[in-house]
Amino acid sequence: MEIIDQLLETTHKMMTPGKGILAIDESMGTCQKRFDALGVECTEEARREYRGLLVSCPQIEEAVSGMILFDETIRQSTDDGKRFADVLKEKGMVVGIKVDMGAKEMALSEGEKVTSGLDGLRERLVEYKQLGAQFAKWRAVISIGDGMPSDACIKANVHALARYAALCQEQGIVPMVEPEVLIDGEHTLEECYSVTEHVLKCLMWELHQQRVMLEGCILKTSMVISGKGCATQATPDQVAVATVDCLYNAITPALGGVVFLSGGQTELQSTTHLDKMNKLGNHPWGLTFSYGRAIQQPCLNAWNGKTENISAAQAQLLKRAQMNGLASLGQWSEDKEA
């Protein structure tokens, strides 16, 4: 199959109406924090068991089109020896892989970060494709604060995102580009809008400069939302209108799809905001979820490190995925949570 056909086929599967992407690509450090909160030892075997219950969850494919795996996870298998990537493919889902090496402190720019991982990426992508990866993810973080974000920080991060995207498409792997504008801070909804719009416009320009085929590229973005420390918190309707308006102003309709990260929102907030956006009408890209903690947390709590809790944990996972699947169609309501 030609690379262009591969990219388009994978993109269309990822953006299947009524479905979204489940992010299970937490770093070792993030896993450690979540397991520590439960009093569960964060061993390789514990991580394998937990992520195995996510991958093998019955009926999860009804609301999830694909999962983003971590380097460790894409190499792991179920108890009966079946590779996680193969389990996902047998369910009709697409296999994703986190390929960045984390956000590092940016030189001469206190408080800002730039994501690393371009060195050796071409070779790693070749290996990941052999392991079954069909799409990849690269996350950049943008902070709002005193003098932030700087132009230098934005330019460094969007340039890296575009270079990563080009390397992915060279291998027939769909790039998911994630410029996360952090919710931490006291910024207003309007300040978040201004920064998000500018970052997305810069990203679109860099993708064009790197000759990335936009139809075979997915944007994973944060919502336009008040900072956690802001005295006036935007309502769900305000978040929905501002986010959709920002997307229309900043990105092209040619883009393969738009998925949202939950970025510090509660499970109910992230579902409500997504639903409100889709109730505003049909959009050229389709708007769905690529949540991690906002879908996993109830599941993680139910599992609590115990094998006998796997079925109960999977029921929690499926419920949150289904609720967000409805929200991606604008068909969710709080009544359905019961």
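Observations, loosely collected:
- Applying a threshold of 6 Å to beta carbon distances and a minimum spacing of six or more residues, or different chains, the list of pairs starting in region 62-91 at a residue that is among the basic types (Lys, Arg) and ending at one that is crowded, with 16+ Cβ neighbours inside 10 Å reads LYS91/GLU61.
- Residue in region 320-338 that is modelled with pLDDT under 95 and assigned to a loop (DSSP other than H, G, I, E, B) present: yes
- Residue in region 238-253 that is of a type in the set (S, T, N, Q) and closer than 20 Å to ASP25 by Cβ present: no
- Strands (runs of 3 or more DSSP E) lying entirely in region 1-107 (those with 1 or more residues that are buried (at least 16 other Cβ atoms within 10 Å of the Cβ) and charged (D, E, K, R)): 94-98
- Of the residues in region 263-270, at least one is touching a Gly at 6+ places or on another chain (Cβ under 9 Å), surrounded by 21 or more Cβ atoms within 10 Å (Cβ to Cβ) and over 19 Å from ILE154 (Cα atoms).
- Count of region 276-303 residues which are over 16 Å from ARG34 (Cα atoms) and within 17 Å of the chain's Cα centre (by Cα): 6
- Members of region 286-320 that are buried (at least 24 other Cβ atoms within 10 Å of the Cβ) and either at positive phi or touching a Gly at 6+ places or on another chain (Cβ under 8 Å) (or both): THR288, PHE289, SER290, TYR291
- Unique match (being out of contact with any Asp or Glu (no Cβ under 9 Å at 6 or more places or on another chain), surrounded by 23 or more Cβ atoms within 10 Å (Cβ to Cβ) and either modelled with pLDDT under 95 or in a loop (DSSP other than H, G, I, E, B) (or both)) among MET223, MET176: MET223
- Failed condition for THR196, given (1) polar (S, T, N, Q); (2) surrounded by fewer than 23 Cβ atoms within 10 Å (Cβ to Cβ); (3) assigned to a helix (DSSP H, G or I): (2)
- Number of the exception - GLY330 against (1) crowded, with 16+ Cβ neighbours inside 10 Å; (2) on the phi < 0 side of the Ramachandran plot: (2)
- Filtering VAL55, VAL87, VAL114 for residues that are in contact with a helix residue (DSSP H, G or I) (Cβ under 9 Å, 6 or more places away or on another chain), closer than 30 Å to SER226 by Cβ and modelled with pLDDT of 95 or more leaves a single hit, VAL114.
- All positions within region 227-276 that are part of a loop (DSSP other than H, G, I, E, B), within 28 Å of GLU206 (Cβ to Cβ) and small (Gly, Ala, Ser): GLY227, ALA254, GLY256, SER262, GLY263, GLY264
The values are calculated or read from the model by the stated rules, or taken from the named source; none is laboratory data. No experiment lies behind these values; they were computed from the predicted model shown. For neighbour counting, all protein chains shown are included, and Cβ atoms are generated from backbone atoms with ideal geometry for every residue, glycine included.
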